[in-house]
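**Student:** Here it is: the structure, laid out below.
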Amino acid sequence: MNSLNFNRPSERIHLGWERARRENDDLYLDSVAFNLHSLYTGLERIFELIAANIDQSKPEGDNWHQELLHQMAIEIEMVRPPVISKKTRDSLDAYRGFRHVVRNVYTFHLSPARMQPLVDNIQETFIRVKTEIEEFLSFIETRSQKIPPLE
């Protein structure tokens, strides 16, 4: 099983954050915003694949991003356990909301005060995400080994 690696983006986020604070340079702040956005977007793609290929049901509509995150935190009976815990879902919801801000608001409206908790919690949140997704992948691998081949 390939291991998920959130270390590099997390390191870049912390490095950019420190430089933005030290040099008072908005370009570094933009870099932090982009990396936070990219990290969540990559994770959301994983969730989309799970929804489409395992759940056979991908949310639609205006708030599909929020619904997808909710879907990943629930068990689908006879299909799969939760992909992530409710605690992780709640943590990721802040990153989802920030991703929306980055996509829909010009970067000169970025608020360091609103970004601070995201930066502070990135390591803990994504260690938990990694652990929970790897546990989910283990479940999928075990299940696939129990399914007899079609004749």
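The values are calculated or read from the model by the stated rules, or taken from the named source; none is laboratory data. These figures come from a predicted structure and were not determined experimentally. Cβ atoms come from the backbone with ideal geometry, glycine included; neighbour counts cover every protein chain shown. To get the accessible areas, we keep the full protein, side chains included, count just its heavy atoms, and leave off ligands, DNA and RNA. Shrake-Rupley method; radii C 1.70, N 1.55, O 1.52, S 1.80 Å.
**Student:** Taking into account only those residues within region 96-130 that are assigned to a helix (DSSP H, G or I) and polar (S, T, N, Q), which is nearest to the chain's Cα centre (by Cα)?
**Tutor:** The residue in question is 125.
**Student:** Quick check, is residue 30 part of a helix (DSSP H, G or I), open to solvent by 30 Å² or more (accessible area, probe 1.4 Å) and either closer than 24 Å to residue 114 by Cβ or of a type in the set (Phe, Trp, Tyr) (or both)?
**Tutor:** Yes; evaluated as a whole, the condition is true for this residue.
**Student:** Test residue 36 against the stated conditions and say whether it is within 20 Å of residue 126 (Cβ to Cβ) and open to solvent by less than 50 Å² (accessible area, probe 1.4 Å).
**Tutor:** yes
**Student:** Are there any pairs with C-beta distances below 8 angstrom linking a residue in region 135-151 that is closer than 15 Å to residue 75 by Cα and part of a loop (DSSP other than H, G, I, E, B) to a residue that is modelled with pLDDT of 80 or more and open to solvent by 80 Å² or more (accessible area, probe 1.4 Å), with the two at least 6 apart or on different chains, and if so which?
**Tutor:** So the pair list comes out empty.
**Student:** Which one of these is within 18 Å of the chain's Cα centre (by Cα), in contact (Cβ under 8 Å) with a residue 60 or more places away in the chain and under 27 Å from residue 135 (Cα atoms): 68, 36, 49?
**Tutor:** None of the others qualify; the one that does is 36.
**Student:** For region 71-87, indicate whether the set of residues that are surrounded by fewer than 16 Cβ atoms within 10 Å (Cβ to Cβ), of a type outside the set (S, T, N, Q) and closer than 30 Å to residue 15 by Cα is non-empty.
**Tutor:** Yes, region 71-87 contains at least one residue that is surrounded by fewer than 16 Cβ atoms within 10 Å (Cβ to Cβ), of a type outside the set (S, T, N, Q) and closer than 30 Å to residue 15 by Cα.
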